[in-house]
1. Give the residue, chosen from 20, 36, that is surrounded by fewer than 21 Cβ atoms within 10 Å (Cβ to Cβ), in contact (Cβ under 8 Å) with a residue 24 or more places away in the chain and under 28 Å from residue 182 (Cβ atoms).
2. Going by the structure shown, is residue 240 in contact with a helix residue (DSSP H, G or I) (Cβ under 9 Å, 6 or more places away or on another chain), under 19 Å from residue 173 (Cβ atoms) and surrounded by 14 or more Cβ atoms within 10 Å (Cβ to Cβ)?
3. Check whether at least one residue in the stretch 62-81 is over 29 Å from residue 132 (Cα atoms) and either part of a strand (DSSP E or B) or in contact (Cβ under 8 Å) with a residue 12 or more places away in the chain (or both), and report yes or no.
4. Just to be sure I understand, how many residues within the stretch 106-137 are touching a strand residue (DSSP E or B) at 6+ places or on another chain (Cβ under 7 Å) and among the hydroxyl-bearing types (Ser, Thr, Tyr)?
5. At least 3 residues that are touching a residue at least 60 places away in the same chain (Cβ under 8 Å) and within 19 Å of residue 21 (Cα to Cα) in each: list the helices (runs of 4 or more DSSP H) lying fully within the stretch 167-282 that qualify.
6. Please enumerate the residues belonging to the stretch 19-47 that are of a type outside the set (A, V, I, L, M) and either out of contact with any strand residue (DSSP E or B) (no Cβ under 9 Å at 6 or more places or on another chain) or not assigned by TED's automatic domain parsing to the domain that holds residue 63 (or both).
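The values are calculated or read from the model by the stated rules, or taken from the named source; none is laboratory data. On a predicted model such as this, the values are computed, not experimentally measured, just so you know. When we count neighbours, we look across all protein chains shown, and the Cβ atoms used for this are built from the backbone with ideal geometry, even at glycine.
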Amino acid sequence: MKYEKFGDNIYVMIDELFYDVVVGAIELPTKLIMIDTGMNLRKIKEFREKVEEVTKKKFETVFLTHFHGDHVIGNQHFSDCDIFASKWTVDRLNIGFPKWTDEVIEEQKKRIDDPLALEGLELTPANKSFEGQMELVDGDVKVIVKQTGGHTKGSSYIYCPNYKVLFAGDNLFIDSYHWGGEETCDPDKWIDTLKEYLSLDVDYFVPGHGPVSNKEPLKYILAYFELVKSTMLKMASAGKSEEEILKKCYNLDFYPINEEEKGDVEMKELTLKKMYIWVNEK
C-alpha cells in the first residue's frame, strides 16, 4: 500500500494488493472530496482517517469514476457522504451489486493475500447521480466532473483546475496494459477522452491503476490506440483475416505484459478483440 501527497491538496493511495488500483482525495477550502473507494475495506478506512486527521476536515462528497468493483467496494466507509456517479453508472451498480453474493465474496477472499481486506463487506450503492457534467464549488476552488465514456459507457473524470489535477479512473492505466474488454467500452470515445485530457491544464494525472503521472505517458498511450486503429483499418481494407489482424496488433510495441500469466494474455486479447469489432463497425 502506497500513500502519497501531491502539491498541497492532493492525497493518493495505491493498493498493490488489487492491481495497483488508485483512489484519492482533494482537500477543498472547507471540506474533502473522495474519488473512488477501492476494494480494500481496511485500507480505505485507514486512508479516510489519515486524511481527515492531517487536514482537520471531513469528507462530504465521493465521486465514482465508473462501476467496476475495484473502484467502488469501499463505499460503505463513506455512507455518511453524498456518493455521486454518472446516472448510467448508478443504474449499472444497481444491477451489478446483487451479483456480489456471499459465495462471490468468499471466492474473492481466496484470490488475495489479505482476506481481511473484504471482511465485513456491506455493499453500498451511490446515492446521487448526474448526467453529462456537474460542478462542485467550494470557496474559490472548482471541481468539474464529466462523463466521457471510453473504458465504460459511464466512465467519468474529476478535474480541479485550481490544483491542476485530474482523476481519470480506468480511462487511464499507467505502466500497464489498458483493459478495454468491457461490453460498453467505446474505443473512439476513449481516444477522444485522452485528447481532451491532453488539452487541459494538468500537472497531475491520477490513473485508475498505476503511478500518478504528467502528460508524457498519455501521449504514448494515445499514440498506441491510434496505431491499433489505423493498423486494423488498413489491414481490413487489404482483406486480411481477423486472425492476421489481431496477431499483428498483439505484437505492436507497447507496455509489455507477463506472457506467463494467463490473465494478462487474456486481458490483452479481449481488449484487441473489442477494438477489432469496433473497427469492423466503421
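1. Working: 36 fails: surrounded by fewer than 21 Cβ atoms within 10 Å (Cβ to Cβ).
One residue alone meets the criteria, 20.
2. On the way: in contact with a helix residue (DSSP H, G or I) (Cβ under 9 Å, 6 or more places away or on another chain): yes; under 19 Å from residue 173 (Cβ atoms): no; surrounded by 14 or more Cβ atoms within 10 Å (Cβ to Cβ): yes.
No, not satisfied.
3. Restricting attention to the stretch 62-81, the residues satisfying the condition of being over 29 Å from residue 132 (Cα atoms) are none.
So far as the stretch 62-81 goes, no, none of its residues is over 29 Å from residue 132 (Cα atoms) and either part of a strand (DSSP E or B) or in contact (Cβ under 8 Å) with a residue 12 or more places away in the chain (or both).
4. Count: 1.
5. Values: elements: 187-199, 216-237, 242-250, 262-280.
Filter on the stretch 167-282 gives 262-280.
6. Residues of the stretch 19-47 of a type outside the set (A, V, I, L, M): 19-20, 24, 27, 29-31, 36-38, 40, 42-43, 45-47.
If the condition is that a residue be of a type outside the set (A, V, I, L, M) and either out of contact with any strand residue (DSSP E or B) (no Cβ under 9 Å at 6 or more places or on another chain) or not assigned by TED's automatic domain parsing to the domain that holds residue 63 (or both), then 42, 45 are the ones that fit.
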